[in-house]
Amino acid sequence: MEDQLGAMQKVESHVLSRIVSRRYLPGDRLTEPALAEELGLSRTPVRHALSALVSDGVLVREEGRRGYLIPRLTREDMTEVFSAREVLEGFMAQKAALAATGEDIGCLRAINAKEEALANLGDVEGYCAANDEFHMAVARMARNGYLMKAFKLVYWRSQLYVHALIDFLPPSEDGGSQSLLEHRRIVDAIERRDPEGARRAAEEHLRSTRGYRIAFGGREALFLDMFEGEKRHRRGRRAPGREDRI
């Protein structure tokens with residue numbers, strides 16, 4: 001059972017890291033046999049891991065077609081997913097301020113310290129992973145399994161846009177200090193047992209993100225056009241006959 005669980009985690013980490021590094025792009029199709037061969041695993045844990053990623057909103061299944069699809073980017077989906085994140089993250093931070101233990105708050109402070117260290121090192125992929133860890137930790141502290149399930153679906157879908165946005169609207173030149181400051185404000189409010197302050201801090205943090213600013217700044221169509229153009233260019237550089245799948 002432990003080997004099976006470890007194999008599933010290996011598949012999930014592999015897919016997520018390739019989305020973060022943009023080696024997998026929206027519209028790419030993944031198949032169980034190819035992933036199993038690439039990772040040296042049997043198809044059973046690969047199937048379970050891919051199904052879990054579907055549940056989390058990272059992948060989708062298309063009726064009547066083989067494999068799993070990295071969801072395509074659309075204007076409507078973009079605005080809907082960031083609207084949903086704003087509502088969910090604010091509410092869950094509010095609940096966390098009422099339910100978090102001292103150990104929970106210590107965990108958030110430790111993640112903050114990790115984020116700062118990774119930002120200082122310029123480790124973008126590591127910082128992204130720590131950022132995911134922070135948001136998931138706050139969400140868990142709301143102590144509501146149904147909210148957590150909804151949050152994971154919305155959060156991972158939003159990350160498809162976040163990672164695709166890097167060339168369109170680069171991160172700020174402050175080295176990530178603004179994001180770190182906003183995370184600390186969320187933790188400060190939770191530690192003060194200030195539900196409204198935690199909700200406001202979480203909502204303000206989300207509104208400052210690149211994804212939110214593009215989705216609600218009137219530039220979503222320009223971004224999507226640019227992204228599709230870049231994707232066609234990258235596809236054109238591939239070797240003849242190679243499919244958009246692994």
note = Residues in segment 176-215 that are closer than 14 Å to Ala113 by Cα and either touching a strand residue (DSSP E or B) at 6+ places or on another chain (Cβ under 6 Å) or aromatic (Phe, Trp, Tyr) (or both) total 0
remark   = Note on segment 4-42: residues more than 23 Å from Leu73 (Cα to Cα), touching a residue at least 40 places away in the same chain (Cβ under 8 Å) and small (Gly, Ala, Ser) are Ala7, Ala34
request  = Only residues that are more than 12 Å from Gln4 (Cβ to Cβ) and either touching a helix residue (DSSP H, G or I) at 6+ places or on another chain (Cβ under 8 Å) or of a type outside the set (Gly, Ala, Ser) (or both): list them for segment 44-56, please.
outcome  = Leu50, Ala52, Leu53, Val54, Ser55, Asp56
inquiry  = List pairs: first residue in segment 88-111 and assigned by TED's automatic domain parsing to the domain that holds Ser158, second residue assigned to a helix (DSSP H, G or I) and basic (Lys, Arg) anywhere in the structure, Cβ distance under 6 angstrom, at least six positions apart or on different chains.
reply    = Gly90/Arg199; Ala93/Arg199; Gln94/Arg199
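Determine whether segment 44-61 contains at least one residue that is among the basic types (Lys, Arg) and in contact (Cβ under 8 Å) with a residue 24 or more places away in the chain.
Start the filter on segment 44-61 by keeping residues that are among the basic types (Lys, Arg), which leaves 47, 61.
Of the ones still in play, those that are also in contact (Cβ under 8 Å) with a residue 24 or more places away in the chain are none.
No, segment 44-61 has no match at all.
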remark   = Met78 passes all but one of the listed conditions (1) of a type in the set (A, V, I, L, M, F, W, C); (2) surrounded by fewer than 19 Cβ atoms within 10 Å (Cβ to Cβ); (3) touching a helix residue (DSSP H, G or I) at 6+ places or on another chain (Cβ under 7 Å); the exception is number (2)
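The values are calculated or read from the model by the stated rules, or taken from the named source; none is laboratory data. Keep in mind that what you see is a predicted model, and the values were worked out from it rather than measured. All Cβ positions, glycine included, derive from the backbone under ideal geometry; neighbour counts span all protein chains shown.
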